Amino acid sequence: MDVNNKRVLVVGLGKSGVASALFLKAKGARVTVSDTKPQDQLKDEIPVLLDQGITVETGGHGERTFGGQDLIVVSPGVPTDAPPLVQARALGENVIGEIELAAQFFPGRIVAITGSNGKTTTTTLAGEILAAGGHRTAVGGNIGTPAISLVEGSTAGTIAVLEVSSFQLETIQTFRPQIAVVLNVTPDHLDRHGTFAAYTDAKARIFENQQQEDFAVLNTDDLTCVELAARTRAQVFWFSRRREVKQGAFVNDGRIFFRDHSGQKEIMLVSEIPLKGGHNVENVLAAVCVGALLRCELGRIRKAVRNFKAVEHRLEHVATIRGVDYYNDSKATNVDATIKALESFPASIHLILGGKDKGSDYSVLNDLLRQRVKRVYTIGAAAAKIELQIKDSTEVDHAGNLPTAIKHAAQAAIAGDIVLLAPACASFDQFRNYEHRGKVFKEVVRALADPANQKS
């Protein structure tokens, strides 16, 4: 892609939008950025862009801004059916996302990982396995570093391990991962995609440009993943914690194996995995597949898994206070993620639920709530809906906000109990993002742990 002296519009000034604008400017493009947020909410981003000679539009999208552009790069947070984008496409303008922009410039190979849950843990672990295996590795995408920021400094020998979301996959054209991983597909983001079928279709686009020499790694324990196998031309490798697979990674008798055309090899004991929960066994199996397919030595795969630390905001143990364990799973932004969190503990849970609703059905939590949860503390905009759908399953405390929920849970919990933030909702009603929500949780809990704040 040649963008030198081309008119390029970047829509949305999130982390990936800013990175795209700066990258395109460095490549010689005439760059304009546009965001609906008012200027005072973009005070950190605007000076950086203006310093590079980039034109900045805030507080809305002007009709003329979208006209006559050679390329429009849209951030994942901007809906693809936004009227200015619909009109731009109707006029024949090229509209892509940041992940597609990165793919067109990235010189090496790509491993792409998606799924409703587990993406960040699996992406991070796969990156560590490949690095331990001797590969030059760059990790980013929907976590941490935008994919476009990985381009500079990479070579033909670099492997980019990218977490990719359904929002990012909506705007690809040529994006082609050598290895495409789908961990699971459960209802999420229905407020944007509308239906589960549309959400699944967005996820399936990860396979769109794969060829026979590429690999697709899928969860055979997930029915939707099984159905997705028909949508790729790549060689399919499976992972399962419940049954043996013909080729891929699986658990048998407490051991993890990898099997391909050359035979079956034992990787490690399941008990050596340092992460809690059966869902994390699945994440490890997927990452093992990636490492094995890229010919990492098995001992190095095992060592990387054994040394892996839980990713922040994913079932992260924060503190033990008077015998009560506090866990931060702020990344549990959908119902299925909350189910996986609840399944990680046998009982005696004080669960904090709520935030911005994504069109979810919270009633599917009821069986687990009855079995394992002493009390639910609701917060945020979705509280009333949640309370209506779980009212007969367990005690409910309408806490309203996160600090109040933690305070009430701390007062009610006794030694041996768990206080768990696994909210099943987006965070944008009361927080900047799920990281902000998780940090607030940790700050409040650590304040409780301060001896000066404890009463005898």
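Label separation (D40 vs A449): 3.7 nm, computed from points 7 Å beyond Cα along the C-beta direction.
Under a point spin-label approximation (7 Å from Cα along Cα-to-Cβ), what is the D361-F428 distance to one decimal in nm? For D361 paired with F428, the spin-label model returns 2.4 nm.
Peptides 138-147, 57-66, ordered by how many other C-beta atoms sit within 10 Å of their residues on average, highest first, read 138-147, 57-66. Per residue, segment 314-386 exposes 32 Å² of accessible surface when a 1.4 Å probe is rolled over the protein heavy atoms with every protein chain present. Label-to-label distance, A197 versus Q371, with points set 7 angstrom from Cα along the beta-carbon direction: 3.2 nm.
Which of the peptides 398-409, 331-342 is most tightly packed, and how do the rest follow, going by the mean number of other Cβ atoms within 10 Å of each residue?
Details: 398-409: 19.8, 331-342: 24.2.
Those peptides, ordered most packed to least, come out 331-342, 398-409.
Here the accessible area is traced with a 1.4 Å probe on the protein chains. For the chain, carbon and sulfur cover 48 percent of it.
Roughly what % antiparallel, to the nearest 5, for the DSSP beta bridges in the chain? Write down the numbers at each step before the final one.
Working: 17 of 78 bridges.
Among the beta bridges of the chain, antiparallel pairing accounts for roughly 20 percent.
Calculate, for segment 225-280, the solvent-accessible area per residue in square angstrom, rolling a 1.4 angstrom probe over the heavy atoms of the protein chains. Each step should come with its number before you reach the end.
Working: 2960 Å² over 56 residues.
I get 53 Å² per residue for segment 225-280.
Taking all protein chains as they are arranged and a probe of 1.4 Å, the heavy atoms of T32 leave approximately 30 Å² accessible to solvent. For segment 119-174 versus segment 16-80, the spacing of their alpha-carbon centroids is 24 Å. Taking a ≥ b ≥ c as the square roots of the eigenvalues of the alpha carbon gyration tensor, segment 107-192 is prolate, as a/c is not under 1.5 and a/b beats b/c.
In the structure shown, do any of K27/K331; K385/K439; K6/K43 have a Cα-Cα gap over 30 Å, and if so which?
Values: K27/K331 35 Å; K385/K439 25 Å; K6/K43 27 Å.
Check vs 30 Å cut-off fails for K27/K331.
Taken one residue at a time, the phi angles of segment 373-384 give Karplus couplings (6.51, -1.76, 1.60, θ = phi - 60°) of 10, 6, 7, 10, 10, 8, 9, x, 5, 8, 4, 5 Hz. Gly and Pro are set to x. In the context of the full set of protein chains, segment 56-111 has a per residue accessible area of 43 Å² (1.4 Å probe).
Hey, could you grab the Kirkwood Rh for segment 1-87? Inverse mean 1/r over distinct alpha carbon pairs, Å, one decimal. Before the final figure, lay out the partial values.
Working: mean 1/r = 0.0782 Å⁻¹.
Taking the inverse mean of 1/r over all distinct Cα pairs, segment 1-87 comes out at 12.8 Å.
Looking at this model, which pairs from K119/K340; K15/K37; K356/K442 are more than 18 angstrom apart at the alpha-carbon?
Numbers: K119/K340 14 Å; K15/K37 14 Å; K356/K442 20 Å.
Exceeds cut-off: K356/K442.
Over the chain, DSSP H runs of length four or greater, each weighted -39,500 (n - 2.57), average out per residue to a 222 nm ellipticity of -9000 deg cm²/dmol. Looking at segment 202-295, the GluC sites (Glu not before Pro) that sit in a DSSP loop and have at most 10 other Cβ atoms within 10 Å of their own Cβ are E213. Using a/c under 1.5 as the rounded threshold, could you call segment 156-312 rounded, prolate or oblate? The axes a ≥ b ≥ c are square roots of the C-alpha gyration tensor eigenvalues, and prolate needs a/b larger than b/c, oblate otherwise. The shape class here is prolate.
The values are calculated or read from the model by the stated rules, or taken from the named source; none is laboratory data. No experiment lies behind these values; they were computed from the predicted model shown. Using ideal geometry, Cβ is built from the backbone for each residue, glycine included, and neighbour counts are taken over all protein chains shown. For accessibility, only protein heavy atoms count, side chains too; no ligands or nucleic acids. Shrake-Rupley method; radii C 1.70, N 1.55, O 1.52, S 1.80 Å.
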